[in-house]
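These notes concern the structure reproduced below.
The values are calculated or read from the model by the stated rules, or taken from the named source; none is laboratory data. These numbers come from a predicted model, not from an experiment. Don't worry about glycine lacking a Cβ; one is built from the backbone with ideal geometry, like all the others, and counts go over all protein chains shown. Heavy atoms of the whole protein, side chains included, go into the accessibility calculation; ligands, DNA and RNA do not. Shrake-Rupley method; radii C 1.70, N 1.55, O 1.52, S 1.80 Å.
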Amino acid sequence: MTRRALIVGASRGLGLGLVARFLARGGNFSATVRRPSQALADLSMGTPLRIEAGVDINDDRAVADLRTRLAEAPDFDLVFVVAGIAMQAGTPASLLSREVVGAVFQTNALSPIRFAEAFHRRVAPGGLIVLMTSKLGSVSLNRGGGWSSYRAIKAALNTLARSFAGQYKGADWGVVLMHPGWVRTDLGGRRATLDVETSARGIVAVPESRRGQRGCVYLDHAGETVLW
């Protein structure tokens, strides 16, 4: 069982849902938010959950300060980076401003890898770094087009994650790129096929089956492999 986890980006949506599922399974967990979240505070009542506010994954100083605050805590079985933004995700890349493309690339592709770099020494032997991605980042499965900018940025995250795992191929932890399914969140919309609880229930079970994994794998919330 995952007994020590750090969930990055837990104020709402899937991040909040993941914290709820992990707490239900038992353990000691830490969760980060950029700004205080009443929903997360309510969830934490009577639990060992440690909430770390003011953590923006685009802010290297904030990430370094978090690492310092957690320096005396035991290493994590799981570091799960959920944080991301959705800005004009369905707009073709050619129509987006360069400022929007830059902001989304930084938050959704570059910053998760920088966070992993900052915390990889805090992953316990046999543990995992999990990065939230999407099946839309699969180049092989892109047959119909659409959501081109979102696809490209998730494909960039996937490539960076695979390179990161290769850089540390001798490490005693692994990397999982996680597709949560089509979930009813701000990004997925009301037509999505999964609610947050169903997706989160599947996602939290995946690390248990992957303990001791090395390298980088690309999986969905049911633990099935997604084509690169």
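A few remarks follow.
- At 1.306 mPa s and 10 °C, Stokes D of the range 24-158 from Kirkwood alpha-carbon radius, µm² per second: 96 µm²/s
- Cα gyration tensor, the chain - rounded (a/c under 1.5), prolate or oblate: rounded
- Label-point gap, in nm, between ASN28 and ASP42 - each point 7 angstrom along Cα→Cβ: 2.8 nm
- Value of Rg to Rh for the range 126-189, rounded to two decimals, is 1.03; Kirkwood radius and Rg both from alpha-carbon coordinates.
- Selection from PHE164, THR225, GLY13 lying farthest towards where the dipole of the chain points positive, charges on Cβ: THR225
- Among the GluC sites (Glu not before Pro) in the range 135-228, those placed in a DSSP loop whose Cβ has at most 11 other Cβ atoms within 10 Å are GLU224.
- Per residue, the range 73-184 exposes an accessible area of 44 Å² to a 1.4 Å probe, with every protein chain left in place.
- Using the Cβ of PHE164 as centre and a radius below 14 Å, the other residues enclosed give a net charge of +4, where K and R count +1 and D and E count -1.
- Loop-located trypsin sites (Lys or Arg not before Pro) in the range 163-198, at most 14 other Cβ atoms within 10 Å (DSSP): LYS169, ARG190, ARG191
- Once both labels are positioned 7 Å from their Cα atoms along Cα-to-Cβ, the gap between GLU208 and VAL139 label points is 3.6 nm.
- When only Cα pairs below 8 angstrom with a gap of at least 6 residues are kept, the chain shows a relative contact order of 20 percent.
- Taking the protein heavy atoms of the chain in the context of the full set of protein chains, the accessible area attributed to carbon and sulfur is 51 percent at 1.4 Å.
- Karplus (6.51, -1.76, 1.60) ³J(HN,Hα), θ = phi - 60°, over the range 204-221, in Hz, Gly and Pro reported as x: 5, 7, 4, x, 5, 7, 10, 4, x, 5, 10, x, 10, 10, 10, 10, 9, 5
- The range 96-112 - phi-based ³J(HN,Hα) in whole Hz, Karplus 6.51/-1.76/1.60, Gly and Pro as x: 7, 5, 5, 5, 5, 4, x, 5, 5, 4, 4, 6, 9, 10, 6, 5, x
- Modelled FRET efficiency - R0 35 Å, LEU227 with ALA64, Cβ distances, 0.05 increments: 0.45
- Karplus 3J(HN,Hα) series, Hz, for the range 119-132 with 6.51 cos²θ - 1.76 cosθ + 1.60 (x for Gly, Pro): 10, 5, 6, 9, 8, 5, x, x, x, 9, 9, 10, 10, 6
- Extension gain (nm, one decimal) between VAL100 and ASP75, 0.36 nm per residue minus Cα-Cα: 5.4 nm
- Within the listed set GLY27, GLY145, GLY174, the Gaussian network model of the chain (springs between alpha-carbon atoms below 10 Å) gives the highest mean-square fluctuation for GLY145.
- Computed on the Cα atoms alone, the convex hull of the range 168-227 gives a volume of 89 cubic angstrom per residue.
- Backbone amide hydrogens, once placed in the peptide plane, bring VAL130 within less than 5 Å of VAL79, PHE80, VAL81, VAL176, excluding anything fewer than 5 places away on its chain.
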